[in-house]
Amino acid sequence: MKSTSKSRSNNRTACESFTCLKKEKLKVSMRVSGAAAAAVIVGLVLTACRGGAGDLQRIEQKRVDEHVVTLLNDTGQLKQGQSKLVLEFRRISDMQLADVGDVQVSLSMPAMPTMTGAASATPSGTPGRYDVTGDFSMRGLWNFMVTFGQSQHVPFALTVP
């Protein structure tokens, strides 16, 4: 009987140790998961912050009436094919971004009057800034026409190397 009691005591101690070990592993696992989640959140925040206009390079800039209109992308260079660009409209008086309402864009090649490229502009969520997609299907000189506000036009002559 004594040996049975001792055996039960050893089993209980082994079970308590096993349970304690499982709890400790769970705590470590939760700490690691929490640290991983924090790292992911920090990474997402940094990516979102880095994606702002601060990383964009100027391709070309024009003045029209009371606005400065700037065409930007991530490299400052155009490339053949589908391109993502950003248009910014700033008031000349204080150089602050200015909401100009509806913005239309078009692409054409002056050397080939029938050659046009698909292009569109959509508000980016920041007043005065518009996301633009354009299809520069071949290398050469392209006319990039921006229409905004009260039928104001800004022509850009862009070269795709």
Legend entry - Whichever residue in segment 93-118 is closer than 18 Å to Gly149 by Cβ and of a type in the set (A, V, I, L, M, F, W, C) and, among such residues, is nearest to the chain's Cα centre (by Cα): Leu97
Inset, instruction - Tell me, yes or no, whether segment 93-107 has at least one residue that is over 17 Å from Leu71 (Cβ atoms) and either aliphatic (A, V, I, L, M) or not in a loop (DSSP other than H, G, I, E, B) (or both). - result: no
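Laboratory data are not the source of any read-out in this text; all were calculated from the coordinates shown. Given the structure is predicted, the values throughout are model-derived calculations rather than measurements. Virtual Cβ from ideal backbone geometry, glycine too; neighbours counted across all protein chains shown.
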